[in-house]
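What follows is a set of notes on a single structure, which appears directly below.
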Amino acid sequence: TRICILSSSTTTTTTTSATTTMVIINGALDKVRGGYYPGVFFPKLAATVDRFYNKFESAFYLKPISDKGVYGWIYRVFPEPWQVVLQTVKTDKKDRKYVEDTVVFTSDKKPSYNEAVSKMVTEAARQQQQQQQQSKR
């Protein structure tokens, strides 16, 4: 097995066989795989997506996500499943603030950005409702 380490600014013209292992650091593959570069303007890049880039397996992935005042991460360390992690600011008994991480979703398939945000927003609303009910007691 041959290991090639490439950065996002490196290009290669060699062909890879099924036995080649390739490690790409900071490759911004989500943009390539997700259609960020339109095939109309980048036809050669678009042609490589299905036959090459979509076959990559993410060994480590950490992407911050936020929406509607909710913050968290899409996270994965191979071979573990994908996780959506909600970050919530809490206050302890001494009135000190800390961040609590809660895994709100796991899957063998990478969740889309919108799916991850939806899971976080739903869990944040559930936690807020639970907190309100406890404060009424």
Cleavage-rule hits (trypsin sites (Lys or Arg not before Pro)) in region 35-135: DSSP loop, at most 14 neighbouring Cβ within 10 angstrom: Lys68, Lys93, Lys94, Arg96, Lys109
Those aspartates and glutamates that a straight Cα-Cα span of less than 14 Å connects to Lys90, excepting residues fewer than 8 apart in one chain: Glu100, Asp101
R0 of 35 Å, Cβ-Cβ distance Gln127-Tyr61: FRET efficiency to nearest 0.05: 0.90
For region 100-105, 3J(HN,Hα) per residue [Karplus equation, 6.51 cos²θ - 1.76 cosθ + 1.60, θ = phi - 60°, Hz, x = Gly/Pro]: 9, 9, 10, 6, 9, 7
Shape parameters for region 24-78, alpha-carbon atoms, Rg then Dmax in Å: 13.6, 39
Lysines whose Cα lies under 21 Å from that of Lys97, excluding same-chain neighbours fewer than 8 positions away: Lys68
Semi-axis lengths (Å, descending) of the ellipsoid that matches the C-alpha gyration tensor of region 68-119: 25, 13, 7
Portion, in percent, of the accessible area of region 26-83 that falls on carbon or sulfur, probe 1.4 Å: 58
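The values are calculated or read from the model by the stated rules, or taken from the named source; none is laboratory data. If you're wondering where the values come from, they're calculated on a predicted model, not measured in any experiment. Neighbour counts are summed over all protein chains in view; Cβ atoms, including those assigned to glycine, are modelled from backbone coordinates with ideal geometry. Surface accessibility is based on the protein's heavy atoms, side chains included, excluding ligands, DNA and RNA. Shrake-Rupley method; radii C 1.70, N 1.55, O 1.52, S 1.80 Å.
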